[in-house]
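Just so it is clear, none of the values below were taken in a lab; they were calculated from the coordinates. Every value quoted in this text rests on a predicted model; they were computed, and no experiment measured them. FYI the Cβ positions are ideal-geometry reconstructions off the backbone, even for glycines, and counts take in every protein chain you see.
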Amino acid sequence: MNDAPTPGVAHFLAQTDTVGWVLFVILMAMSVASWTVILVRLILQVAQKRRSRAFRQELEAQSSLADFVGTRPADPLEEPFSWLMAELSKADRSAEALAQRAQTLMDRIAARLENGLTLLGTVASTAPFVGLFGTVWAVYHALVAIGMTGSAGLEQVAAPVGEALIMTGLGLAVAIPAVVGYNLIVRGNRLLLSDLNGFAQELIEDFTLAGSGRR
């Protein structure tokens, strides 16, 4: 019966050196950071959709915009539709001034929506290379051990190489969720900005009519 230890993460951590530990900690930190951003942003997007839907329904039930213009929410990412409407209501009622103000507000919201995306993109692009570096480092140590023992049999090579590939697997395990999360968040942001652009155009038309006294 073969009592040789089965290569795995625990065995790798027990056998690796300082460099291996540092790379493992870096990958774990990347994973925690990326999952935090993914969960927070996706939860926020779901909450935004619910609040925005309720806001639009309440707005449609009002007889006039003047009855519904309220105070601006503290965070435009929490209630972007309400925030945009409150800000536009304070601007000059000419179509040109409203359009310029709306574009400025949309740019501010778009910039806020990008928070965390740089981190996800960085993790997605660098985590595989961190894992690859760990693989190269582990293979290097395996080759040194083979050179010192003078034996390159399957039993001497299989375990070290298996442990080395663990780092590649960890790198991919960190990068893949970051890529998927990045794409989901970008798509959600794009849909939100598209809805906001349409909403802004509606407000500009309504505010322009109200300002000219025709509504």
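Quick notes on this structure:
- For segment 124-138, 3J(HN,Hα) per residue [Karplus equation, 6.51 cos²θ - 1.76 cosθ + 1.60, θ = phi - 60°, Hz, x = Gly/Pro]: 4, 8, 9, 4, x, 6, 5, x, 5, 4, x, 5, 4, 5, 5
- Additional length obtainable on full extension of the chain from Met106 to Ile176, 0.36 nm per residue less Cα span: 22.1 nm
- Theoretical gain in end-to-end length, Ala47 to Leu132 [0.36 nm per residue, Cα-Cα removed]: 26.8 nm
- Whole-Hz ³J(HN,Hα) from phi, Karplus 6.51 cos²θ - 1.76 cosθ + 1.60, for segment 87-97, glycine and proline x: 6, 5, 5, 8, 8, 4, 7, 6, 4, 5, 5
- Most to least packed among 77-86, 168-177, 50-59 [average Cβ atoms within 10 Å]: 77-86, 168-177, 50-59
- Difference of contour (0.36 nm per residue) and Cα-Cα distance, Tyr140 to Glu114: 5.3 nm
- Calculated FRET efficiency, Asn197 to Thr122, Cβ-Cβ distance, R0 = 35 Å: about 0.75 to the nearest 0.05.
- When each of the peptides 33-42, 107-116 is scored by the mean number of other C-beta atoms lying within 10 Å of its residues, the order from highest to lowest reads 33-42, 107-116.
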